[in-house]
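Just so it is clear, none of the values below were taken in a lab; they were calculated from the coordinates. Since this is a predicted model, take the numbers as computed values, not measurements. Here the Cβ positions follow ideal geometry from the backbone for every residue, glycine too, while neighbour counts run over all protein chains shown.
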């Protein structure tokens, strides 16, 4: 997974200004509504071929945590 | 697999469909959702977003003529999922998969059809729901749906109180919209006052019922 590229896409999916997310940014998925959640889950599914749940995302505290989790999921396939 | 087909009536008709349950059947669930249309602009673009491709079926996407239809289709899914008491998921996790609630929205003809299948149909059957209604409203800015599932019998007061909360939310606070009612387990005859009051609050635009099993 190209981490920087994925962070850029995550930023777009969450409708944040370009470049406003870094790996150290808090993910804060508890505050997402259902459209945010489905946007991100759909992006992960299509871009990385990994199916995650909202609960999986809630366990990731930062964007970097999410990337690490997703890399683990990809490696486990 | 039991299949639910909720067919539409052209706007703004508000009459009981021919196969509506007899008075005395209860309400098994009530849900509401509101979304800003602008958030669905990507759904109407070509190529569409991953969200559009994953959350909506090709049949749903082919019916759209702009982001308002996409937003309204999403509110139907979410409101029905709340009426089912589950919420939505993509494929895995709590909730019914988005594609198990298919909302075919055509704003050009002002018609909407809803099909429940898979986990959504199974959940409706477990609740004893025999059919459902969805009241939809949208403009260029906002889309909103209130959905109700009918069947069973029970306490009229619970639904009445729940609906009152929903309608207050519609008028005052978007957060209440989004939170919605979730699931109201009270049951009440699906009498016209419910529909009349919802109409007054948000402008009813469509009305659905199961037409085959």
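Given R₀ = 25 Å, FRET efficiency for residue B:53-residue A:15 by Cβ-Cβ distance, to 0.05? The partial results should precede the final answer.
Numbers: r = 18 Å, r/R0 = 0.71.
With R0 = 25 Å, the Cβ-Cβ based efficiency is 0.90.
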Evaluate the distance, in nm, between pseudo-label points positioned 7 Å from the Cα of residue B:91 and of residue B:122 along their respective Cα→Cβ axes. 1.6
For region A:3-76, alpha-carbon Rg and Dmax in angstrom: 11.0, 32
What is the average number of partner chain Cβ atoms found within 10 Å of a Cβ in B:83-90? 3
In nanometres, what is the gap between the two model label sites at residue B:109 and residue A:8, each 7 Å from Cα along Cα-to-Cβ? 4.2
Students often check this: by mean Cβ neighbours within 10 Å, which of B:116-122, B:72-78, B:140-146, B:101-107 ranks highest, and how do the rest follow? B:72-78, B:101-107, B:140-146, B:116-122
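For region B:69-138, what does the relative contact order come out to in percent, with C-alpha contacts under 8 Å and a separation of six or more?
28
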Evaluate E = 1/(1 + (r/R0)^6) for residue A:1 and residue B:38, where r is the Cβ-Cβ distance and R0 equals 25 Å; express this FRET efficiency to the nearest 0.05. 0.25
So, in nm, how far is label residue A:68 from label residue A:31 when the simple model puts each one 7 Å beyond its Cα toward the Cβ? 2.2
Mean per-residue count of partner chain Cβ within 10 Å for A:31-38 equals 6
Percent RCO, i.e. relative contact order, over chain A, from Cα pairs under 8 Å lying at least 6 residues apart: 34
Other chains near B:72-80: what is the mean number of their Cβ atoms within 10 Å of each residue's Cβ? 1
